[in-house]
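Comments concern the structure below.
Just so you know, all these numbers are worked out from the coordinates, no wet-lab data involved. It should be emphasised that the depicted structure is a prediction, and the values quoted were computed from it without experimental measurement. Positions of Cβ are generated from backbone atoms using ideal geometry, with glycine treated the same way; all protein chains shown enter the neighbour counts.
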Amino acid sequence: MKDLHLIVVGRLGDKNIEELEKDYFKRLTVPKLTIYEARAHSEDLNKEAKEVIARIDEISKNENPYIVLLAENGKQFTSVNFSKWLSNVYERQSVIFIIGGASGHGEAVIKRAHFRLSLSELTYPHKLARLLLVEQIYRAQTIVANHPYNK
């Protein structure tokens, strides 16, 4: 089993959301999740892409991770199916999720991606998308463990 990584363009900067995220981190045991914040560049996708690619390369030194973009045109799952999909992927290799900046993902990042994931047909602020993804990763863990959290 490998680790999970989340690269987010921009900082969280909201104490209330930070507290909620910390609560899920305390609960999350397997898989390990690490969050990296890449600098936002006033919606300059090329500069943001360079920041994200640098993080991907830093994480990927000794492995070939599966790169997942969060995107409005990505695949949507139920929580149970997301849990099955995620378990299947990270048993084979580490996974890097990427939440882009306000204008989306730069072309260099899109070219590196293996998969696109959508949390919903709704549009969320990046801060909430980040929290929702962390919560869904925790939920996936509880589903695999047959924990009653998902009921």
Subject >> Only one of Glu121, Glu135, Glu51 that is over 25 Å from Lys22 (Cα atoms) and touching a residue at least 12 places away in the same chain (Cβ under 8 Å) >> reply: Glu121
Subject >> Pick from the stretch 112-128, criterion hydrophobic (A, V, I, L, M, F, W, C) and surrounded by fewer than 19 Cβ atoms within 10 Å (Cβ to Cβ), ranking: farthest from Tyr66 (Cα to Cα) >> reply: Leu122
Subject >> Members of the stretch 55-81 that are out of contact with any Pro (no Cβ under 7 Å at 6 or more places or on another chain), surrounded by 11 or more Cβ atoms within 10 Å (Cβ to Cβ) and among the β-branched types (Val, Ile, Thr) >> reply: Ile56, Ile67, Val68, Val80
Original post:
Looking at the stretch 110-151, which of its residues are among the small types (Gly, Ala, Ser) and either touching a strand residue (DSSP E or B) at 6+ places or on another chain (Cβ under 8 Å) or within 15 Å of Leu33 (Cβ to Cβ) (or both)?
Top reply: Ala113, Ser118, Ala129, Ala140
Original post:
Which numbered condition trips up Ser60, out of (1) within 15 Å of Leu4 (Cβ to Cβ); (2) touching a residue at least 40 places away in the same chain (Cβ under 8 Å); (3) small (Gly, Ala, Ser)?
Top reply: (2)
